[in-house]
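Please read the structure below before turning to the comments.
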Amino acid sequence: MVKPVGFDQKIMLHHLDFTANEARKLSRKEMYEALDYFLRSDIQGAKSRKNAITMLMKIWYLVDENVIRLRDSVLELFPHLTKEERLLLHWGMTILAYPFFKDVVYEMGKLFRLQDEIPSAVIGRKMKELYGDRRRVEVATTAVLTSIKTWEAVGWLKSRAYTPLPKVAITSKELHPFITEVILRAMNVTAIPVDFLYHHPLFFPFSFTISTESLRSAHQFSVHRQGIDQLIVELCES
């Protein structure tokens, strides 16, 4: 069975910011109209603009049913967040919306643990292994890589390799439940050791320390001890 790709073109941060801000106020029809108007200055072609709108809507508006609560909770925070914190939310929501995006950044996160440079060809080959040797996979891989480069989540070398940038520090405890739930849902697990969250490959551009207090106070989690000194956080579906 051919795995769907879906990530068709580069997405820009200010487009994501606009979508998240307007998603709290507008109906579905109004969102499409607002995005079409907003994107015209950056995307001239009607087809490309339509593709971008589809992607932005999938990331922040037409989310899966099991993500609605999470989306709504962070949209309440969104107007009060820093640029860096908003980037974290866009990153996590894109991971949940697009498994292809998730797989690209997960592979990069794993490789950056071992080396300081990742040739673009290495990522391209890995994605073809996962999704098939198709032109669509090449296009999507380029779209993800150029997007995260534009977001300044990775650096770019003349040798056509990506390199890590200084990690974006996330100190707000309010975002800890979001990070945790994204990792659990994206990895398709219900529980994980809290220590595993800190340097998880999915969030390689960011640095944070998860507060167990913030997880215990979030109703969707259960935190319990396993063995002598390992804390486990579990996602409890309602």
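Where a number appears in this text, it was derived from the coordinates with a stated rule and is not lab data. As the structure is a computational prediction, the values presented were derived from the model and not from experiment. Here the Cβ positions follow ideal geometry from the backbone for every residue, glycine too, while neighbour counts run over all protein chains shown.
Which value in deg cm²/dmol, rounded to the nearest 500, describes the helix-derived mean residue ellipticity at 222 nm for the chain, given -39,500 (n - 2.57) per DSSP H run of n ≥ 4 and division by the residue count? One gets -16000 deg cm²/dmol as the mean residue ellipticity at 222 nm.
Placing unit charges on the Cβ atoms of the charged side chains and taking the dipole of the chain about its Cα centre, the candidate lying farthest along the positive direction among T180, V122, P166 is V122. The phi torsions of region 198-213, fed into the Karplus equation with coefficients 6.51, -1.76 and 1.60 and a -60° offset, translate into couplings of 4, 10, 5, x, 4, 10, 4, x, 10, 10, 6, 10, 6, 7, 5, 5 Hz, rounded to whole numbers, with Gly and Pro shown as x. Sort region 168-235 into rounded, prolate or oblate with this rule: let a ≥ b ≥ c be the square roots of the eigenvalues of the Cα gyration tensor; rounded if a/c is under 1.5, and if a/c is not under 1.5, prolate when a/b is larger than b/c, oblate otherwise. It is rounded, given that a/c, with a ≥ b ≥ c, falls under 1.5.
Scanning residues 5 or more positions from G155 or on other chains, those with amide H under 5 Å from its amide H are T163, L165, with H placed 1.01 Å from N in the peptide plane. Taking amide H atoms as placed 1.01 Å from N in the peptide plane, the amide H of S207 lies under 5 Å from those of V168, A169, I170, each 5 or more residues away in sequence or on another chain. Putting +1 on Lys and Arg Cβ atoms and -1 on Asp and Glu Cβ atoms, find which of A34, V74, H224 reaches farthest to the positive end of the dipole of the chain. Going by the Cα projections, it comes out as A34. For the chain, a Gaussian network of Cα nodes joined below 10 Å ranks W151, W91, W60 by mean-square fluctuation, and the top entry is W151.
Taking θ as phi - 60° and the Karplus parameters 6.51, -1.76 and 1.60, the scalar couplings of region 135-147 work out to 4, 4, 5, 4, 4, 5, 4, 4, 4, 5, 5, 5, 5 Hz in sequence order, x denoting glycine and proline.
Along the charge dipole of the chain, which of G155, G92, T141 sits closest to the positive end, that is, farthest toward it, with unit charges on the beta carbon of Lys, Arg, Asp and Glu (+1, +1, -1, -1)? Checking the options against the dipole of the chain, the answer is T141. Please list 3J(HN,Hα) in residue order for region 157-172, calculated via the Karplus relation 6.51 cos²θ - 1.76 cosθ + 1.60 where θ = phi - 60°; whole Hz, with x for glycine and proline. After applying 6.51 cos²θ - 1.76 cosθ + 1.60, I find 9, 5, 6, 6, 10, 9, 9, x, 9, x, 5, 7, 7, 10, 10, 5 Hz. Sorting the segments 6-15, 190-199 by their residues' average number of neighbouring beta-carbon atoms within 10 angstrom, most packed first, yields 6-15, 190-199. Shape class of the chain from the alpha-carbon gyration tensor: oblate, with a/c at 1.5 or above and b/c at least as large as a/b. Beyond 27 Å in Cα-Cα separation lie the following of the pairs K47/K158; K3/K158; K102/K149: K47/K158; K3/K158.
Taking 0.36 nm per residue of sequence separation and removing the Cα-Cα distance, the R160/R24 pair yields an extension gain of 45.0 nm.
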